Amino acid sequence: MNDENTTIETREEVMFFDTDIGGVVHNIAYLRMIETARTRLAAKLGMKLRDMAQTQVYPVVVRTEIDYRKPATLGDELVITGRLDSVERVRFWCAFEVRRAGEETVLITCRQSLALVQMPQGKPMRLPEDWMMKYKHLFLKKR
C-alpha cells in the first residue's frame, strides 16, 4: 500500500465498547474502524463529506469481504491502512489492513466494492471522468 494519492492510514485505540465479554474486538467494531478509514480515503479521492451533502452523491458500499486472521484486544493501538484497489466504470474497490501499531502481523484484511449513488433517487452513477486518467493503473476492464 504505497501510492500516496490513493492510500490512507488511521489509528484507533481499542475501547471497552469495541470488545466482547472475552476482551476481544467484536467483528462489528472492525467495520466501524474501516468505515472511518474509508471516509478519510474518500475525502482524499475528492469525495469530501460536505461536498457529498451538497451534491447528494455518495459512495455506497455494495459488497464487503473481510478475513479475521488474529484478534485485537482491549487497549491495543491499531493502525488501519486503506487504499484504492481497483476502478471500473461504475464501481471501485478499496482494500484495508488492520495491524497493531509497531507490528507487521496483519490482523484483518478487508475489501469493499462501492458505487456512486445519486440520492434521494438512489440512482447509480458512473465514476468521474477524470478517474479513468488519474487511476488508469487501477482501471479494470469488464470481463
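The values are calculated or read from the model by the stated rules, or taken from the named source; none is laboratory data. All values reported here derive from a predicted model rather than from experimental measurement. Cβ sites come from the backbone with ideal geometry, for glycine too, and all protein chains shown count toward neighbours. Surface areas here come from the heavy atoms of the whole protein model, side chains and all, with no ligands, DNA or RNA. Shrake-Rupley method; radii C 1.70, N 1.55, O 1.52, S 1.80 Å.
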query = Could we say that VAL79 is open to solvent by less than 60 Å² (accessible area, probe 1.4 Å), over 20 Å from ILE8 (Cβ atoms) and not in a helix (DSSP H, G or I) here?
reply = no
inquiry  = Quick check on this structure: which one of LEU114, LEU107, LEU49 is surrounded by fewer than 13 Cβ atoms within 10 Å (Cβ to Cβ) and of a type outside the set (Ser, Thr, Tyr)?
reply    = LEU49
key: Single residue of the range 119-134 satisfying the filter (hydrophobic (A, V, I, L, M, F, W, C) and in contact (Cβ under 8 Å) with a residue 40 or more places away in the chain) that is farthest from GLU88 (Cα to Cα)   = MET119
message = Taking the criterion of being in contact with a helix residue (DSSP H, G or I) (Cβ under 8 Å, 6 or more places away or on another chain) and closer than 23 Å to ASP20 by Cβ, would at least one residue in the range 106-114 satisfy it?
response = yes
key: Lone unmet requirement of (1) of a type outside the set (Gly, Ala, Ser); (2) surrounded by 18 or more Cβ atoms within 10 Å (Cβ to Cβ); (3) over 18 Å from ARG11 (Cβ atoms); (4) modelled with pLDDT of 95 or more for ARG69   = (2)
note = Selection over the range 86-122 where residues are within 19 Å of ALA42 (Cα to Cα) and among the charged types (D, E, K, R) yields a count of 5
task = Can you work out which of the residues in the range 109-143 that are of a type outside the set (D, E, K, R) and part of a loop (DSSP other than H, G, I, E, B) is modelled with the lowest pLDDT?
result = LEU140
remark   = The residue that is farthest from TYR68 (Cα to Cα), considering only those in the range 15-31 that are assigned to a helix (DSSP H, G or I) and open to solvent by less than 90 Å² (accessible area, probe 1.4 Å), is ASP18
request  = Tell me, yes or no, whether the range 55-62 has at least one residue that is assigned to a loop (DSSP other than H, G, I, E, B) and within 21 Å of LEU127 (Cβ to Cβ).
outcome  = yes
request  = Could you grab the pairs with beta carbons closer than 9 Å, sequence gap of 6+ or different chains, first residue in the range 30-45 and within 23 Å of THR19 (Cβ to Cβ), second one open to solvent by less than 40 Å² (accessible area, probe 1.4 Å) and assigned to a helix (DSSP H, G or I)?
outcome  = TYR30/ASP18; ARG32/ASP18; MET33/ASP18
